[in-house]
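S.K.: If you scroll down you'll find the structure; I have some questions about it.
The values are calculated or read from the model by the stated rules, or taken from the named source; none is laboratory data. Keep in mind the model is a prediction, meaning the values are calculated, not measured. With ideal geometry, Cβ positions are generated from the backbone for all residues, glycine too; neighbour counts draw on all protein chains shown. These accessible areas exclude ligands, DNA and RNA; they are computed on the full protein's heavy atoms, side chains included. Shrake-Rupley method; radii C 1.70, N 1.55, O 1.52, S 1.80 Å.
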Amino acid sequence: MEVGVSMGIKNQNGSLKLTVMECGCYMKELDITLNGGASWFYQVFIDASSNHIRSSVENAITKKIMEGALKLDSLLANLPKKIDLDSVAAMNVTFVNDPLFKSSSVEFDIDGLFIPSDETAVPRYMILGDIKYTLPLGSSSKMLWISLDEDVFNSVSDLYFKAGLLRRMVDKIPNQFLLNTASWRFLVPQLYQKYPDDNMLLNISAISPPSVRINVGRIDATVDLDVTVNVLDSGKIIPVACMSVSVAVSGAAAVSGNNLGGRVELDYFSFTLKWSQVGKLHTVLVQTVLRIFLKHLFVPYVNSYLEKGFPLPIIKGFSIRDAYILTSYSKLIVSCDVTFIEPEALFPVQTHGRFIL
């Protein structure tokens, strides 16, 4: 018996539409033999009806295939258009372009950019182009390739910046004595004269969205901050100086479970004094304080979020195994195998960026 089916998948308003183009079942031969009793008598009728029986089986198998195709089409049509990450951000997971079928794989392109969680995800036309990379050693036989453009990461930083979430008031640092005007009395006399032995606060605010750049073998990011020095005087918060700080970090990505996370380290920073109501600030001391803050507070704070990561686009019921991460020009690629997990451990389908099955 031979069974054949040809199906096509097209993008339809951000969802996938499956159609059966050809379907058939051919049974070359059917042999039914009865034994015992009056079987010889019934055998005559069986032999006479073999063509009808064979045709019925062929039609039943074809019908079952068509029913299965309809179920699969319904499943594809009901895939989520967006995935809420929190109360602020959601991933637009509508499909863009038609799937690209190759000799041994199929490629799906997904919008992948972050949008406000209260917005409706709408499909957008994109020209992403074919993925052409030099295969890393040992990855050519992997089951799954997931490629994320740096725009995916930049879209979420832009969203959180516009939501006003990239700011923080700091009242504790590893060298806590530096957040008291007494520590500055010889270096910034005016500060101590105006506000003797008062505690200080640092108001850290991003003045633009952090920028992520992915290059061969590395991931870099820069963020520009305004650091406002405030004094707590009689319960009032009084701004006394403001610095513009540019911070550069670099890091690496890692896969944990089905999540893509990472860590960063401080590369360098620079600063300029924007304004001051207590005279000039001592450059060396300011640099020391900023380095302590960035290295022991800012970077660990950023890593606490990066290590959580976000779900990779794995089909429901499977988990990532033996992942390999490659960074190319403007793209991060995860090459991995997948394994089936038990039904009670299944999780919702998560989709981000572009992925190849």
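S.K.: For Ile219, which sequence-distant residues (separation of 5 or more, or a different chain) have an amide H within less than 5 Å of its own amide H, given hydrogens modelled in the peptide plane?
M.R.: Gly251
S.K.: Under the definition of Cα pairs under 8 Å and six or more residues apart, what whole-number percent is the relative contact order of segment 170-292? Please list the in-between numbers first.
M.R.: Details: 225 pairs, mean separation 25.1, N = 123.
After rounding, I find 20 percent.
S.K.: Another one. Rg/Rh for segment 1-85 to two decimals, with Rh computed the Kirkwood way over all alpha-carbon pairs.
M.R.: Details: Rg = 20.8 Å, Rh = 16.2 Å.
We get a ratio of 1.29 for segment 1-85.
S.K.: For the pair Lys102 and Asn13, what calculated FRET efficiency results from E = 1/(1 + (r/R0)^6), where r is the Cβ-Cβ distance and R0 = 22 Å, to the nearest 0.05?
M.R.: E(calc), rounded to 0.05, equals 0.35.
S.K.: Let me ask something else about it. Given DSSP loops and a limit of at most 14 other Cβ atoms within 10 Å, what is the longest stretch of the chain that contains no such chymotrypsin sites (Phe, Trp or Tyr not before Pro)? Can you show the working numbers first?
M.R.: Numbers: sites that count: Tyr125, Tyr133, Phe186, Tyr329.
That gives 187-328 as the longest site-free run.
S.K.: One-quarter of the Cα convex hull surface for the chain, in nm²? Let's see the in-between values first.
M.R.: Numbers: hull surface 104.7 nm².
Mean shadow area of the hull around the Cα atoms is 26.2 nm².
S.K.: Could you give me the ³J(HN,Hα) list for segment 18-27, computed from phi with Karplus coefficients 6.51, -1.76, 1.60 and θ = phi - 60°, whole Hz, x at Gly and Pro?
M.R.: 9, 10, 8, 8, 9, 7, x, 9, 10, 9
S.K.: How big is the charge dipole of segment 1-79 about its Cα centre, in debye rounded to the nearest 20, if each Lys and Arg gets +1 on its Cβ and each Asp and Glu gets -1 on its Cβ?
M.R.: Working: 7 positive and 8 negative charges, 76 e Å.
For this selection, approximately 360 debye.
S.K.: Amide H to amide H, which residues 5 or more places from Ser208 or on other chains are under 5 Å from it, using H placed in the peptide plane?
M.R.: Asp224
S.K.: Compute the distance in nm between two label points, each set 7 Å from the Cα along the Cα-to-Cβ direction, one at Tyr42 and one at Thr222.
M.R.: 8.5
S.K.: Based solely on its DSSP helices, what 222 nm [θ] is calculated for the chain when runs of n ≥ 4 H residues each add -39,500 (n - 2.57) and the sum is averaged over all residues, nearest 500 deg cm²/dmol? Don't jump to the answer; show the numbers that get you there.
M.R.: Values: 5 runs with 77 residues, N = 357.
Result for the chain: -7000 deg cm²/dmol, rounded to the nearest 500.
S.K.: Here's a follow-up. Taking 8 Å as the Cα distance limit and 6 or more residues as the minimum spacing, I'd like the relative contact order of segment 1-78 as a percentage.
M.R.: Values: 81 pairs, mean separation 27.4, N = 78.
It comes to 35 percent, rounded to a whole number.
S.K.: Can you tell me how segment 134-279 classifies by the Cα gyration tensor, rounded, prolate or oblate, using a/c under 1.5 as the rounded cut? Don't skip to the end; give the middle numbers.
M.R.: Values: a/c = 3.05, a/b = 2.86, b/c = 1.07.
Prolate, since a/c reaches 1.5 and a/b exceeds b/c.
S.K.: With every protein chain left in place and a probe of 1.4 Å, what is the accessible surface of Ile61, to the nearest 10 Å²?
M.R.: 50
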